[in-house]
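Values quoted throughout were computed directly from the atomic coordinates according to the rules given, and no laboratory measurement underlies them. For clarity, every value in this text was computed on a predicted model and none was experimentally measured. Neighbour counts run over all protein chains shown; Cβ positions are idealised from the backbone, glycine included.
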Amino acid sequence: MRLPDDDERPGLTPTVMSAIVAVTLFVAAILAVVLMINSDHKSGGNHTASVSQNGRPTPRPASSGSSYPDIDELLSGSKLTPDDLSFWNLYPPTTATPPAATPEPVKTPTVSQNDPSTDGKHTLIRYSDGKEEWVLISPYLPKNNYDFTKLVCQSQLMKYYENGKQTSFVGVDVSKAQDYIDFVKVKKAGIDFVMIRVGARGYGTGQLIVDEYFNDNMKRAKDAGLNVGVYFYSQAISTDEAIEEANLVLENLSEYQIEYPVAFDMELVENDTARTDTLSKTERTAIAKAFLDTIEDAGYKTVIYGNKQWLIKAVDMSKLTAYDVWLAQEADIPDYPYKFTMWQYSKKGSIDGIAGYVDLNISFIDYAEK
C-alpha cells in the first residue's frame with residue numbers, strides 16, 4: 001500500500017498559507033516598532049530637557065500620544081536638579097527703595113583745652129631774636145584790673161578814663177640822649193610828669209656815672225611846674241653793688257624834692273655782652289630788692305622798671321610784690337597779666353620842646369598825691 005505526500009496534507013491550501021504569512025509579517029512589524037520606541041526612550045534620544053541661558057528649564061517636546069514626560073525618564077534619565085525646577089527665578093528681584101540720604105552734621109571746630117593761646121592760663125613772651133614762649137600765669141601774683149576799653153590815645157598821649165573823668169597822667173622819661181629840653185614847652189604840650197635819669201653803671205666796665213644832664217634837667221623841669229621822678233640804670237652783679245648804686249642816687253637827690261618814684265632799671269643788653277648776663281634769676285631778684293629797700297629806707301617811693309620778658313623771666317616777681325611796677329611795652333594795649341602802675345607805651349614819641357624821639361608813659365595813679 002503508498003503513504004500520502006506532505007504537500008498534499010489536508011488544510012494547507014495556498015490561500016491559507018498566504019494569510020499566515022501576512023499575519024506573521026504584520027506582527028513582526030508591530031514588534032519592530034515597539035522595540036524602536038523602547039530603545040529611543042532608554043537612550044534619551046533628542047528629547048532630554050535643557051536649561052536656557054536665563055536659568056529657566058526648556059520644555060521638551062511631548063512624546064507621541066502624551067503631553068507629559070515618561071515616568072521612567074523622570075526617575076532615571078533626567079539630569080535636572082531641584083534648583084533647575086525652582087520657579088522663584090521667574091520673577092525679577094524686588095529692589096528696596098533706598099532711604100533718603102541723611103546729611104552729615106557740620107563739624108564745629110572745638111577749642112582745645114590744652115591750647116595755651118586760648119586757655120586763659122598762659123601769656124606770650126616774644127624775645128628779641130624772634131622766638132616766642134607761652135608762659136603759665138602765676139595764680140599768686142596780683143593781676144591788673146584795668147578796663148582797656150577806657151583807654152584813649154589823643155595826639156600820641158595815652159589817657160585813661162573812669163566815669164567820664166580822666167584818672168591817669170601823661171609823662172616822658174629823659175636822659176642826656178635828648179640833649180637840651182625846653183620843659184616849659186613840654187608842660188604846655190600836655191605832659192604831667194617826667195622821669196629823669198640820675199646815672200648808670202657801665203655794662204662792660206662796671207663804672208658808676210652820673211648823667212651829665214641830670215642836675216640841669218631836674219632844675220628846669222621843677223621850674224616848669226612838672227612833677228618829677230628819677231631812675232637809675234643798674235648793672236650791679238651783687239647786692240653790695242646794688243646798695244652802692246642806690247646810695248649814689250640818694251646823694252644826688254639830697255637837694256631836690258621829687259613827687260614820682262625812684263625806679264630801678266636793669267635791662268638786658270642787646271647785641272653785646274653785659275656783665276649781668278651770667279646772673280641767675282635769684283641773683284637778679286636779690287639785687288633789685290637790695291636797691292629798692294635802700295631807697296625806701298630813705299623815705300622815697302619806689303618802682304621796678306622792665307619789659308614783659310625781664311619782669312617774668314629775669315626776676316622772681318613773687319619776691320618783689322612790695323614794689324610798684326613800671327611796665328615797658330610798645331603796644332596799643334599791654335598784655336602783661338600782673339599789676340602795674342606805670343606803662344611806657346612808646347619809644348618814638350614826638351613832643352614839643354624835645355628834639356628827636358622820646359619815651360612816652362602813662363601813670364594810672366597820681367604819685368604826687370600818694
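The stretch between LYS347 and TRP134 holds 74.2 nm of extra length on full extension. This uses 0.36 nm per residue minus the Cα-Cα distance. Of the GluC sites (Glu not before Pro) found in the stretch 265-349, the ones in coil according to DSSP and having at most 11 other Cβ atoms within 10 Å of their Cβ are GLU270. Contact order, relative form, for the stretch 145-363: 21 percent (alpha carbon pairs under 8 Å, 6 or more residues apart, mean separation divided by residue count). Peptides 309-315, 153-159, ordered by how many other C-beta atoms sit within 10 Å of their residues on average, highest first, read 309-315, 153-159.
Bridgeable lysines around LYS289 (alpha carbons under 20 Å apart, same-chain partners fewer than 8 residues away excluded): LYS281, LYS301, LYS308, LYS313, LYS319, LYS339.
For the stretch 107-252, a/c is not less than 1.5, where a ≥ b ≥ c are the root eigenvalues of the C-alpha gyration tensor, and a/b does not top b/c. That puts it in the oblate class. Whole-Hz Karplus values for the stretch 255-269 come out as 9, 10, 9, 10, 9, 9, x, 9, 9, 9, 10, 10, 9, 6, 7 Hz, taken residue by residue from phi with 6.51 cos²θ - 1.76 cosθ + 1.60 and θ = phi - 60°; glycine and proline positions read x.
Compactness ratio for the stretch 145-363: Cα radius of gyration over 2.2 N^0.38 Å (N = residue count) comes to 0.99.
Exceedance of the 19 Å cut-off in Cα-Cα distance is limited, within the set LYS131/LYS348; LYS165/LYS222; LYS159/LYS348, to LYS131/LYS348; LYS165/LYS222.
Could you tell me how far the Cα centroid of the stretch 133-198 sits from the Cα centroid of the stretch 261-333, in Å? Centre-to-centre (Cα) distance: 18 Å.
Close amide H partners of ASP192, meaning residues 5 or more places away or on another chain with modelled amide H under 5 Å apart, are VAL170, GLY171. Restricting to Cα pairs below 8 Å that are 6+ residues apart, what does the relative contact order work out to for the stretch 160-250? Please round to a whole percent. Across the stretch 160-250, relative contact order equals 28 percent.
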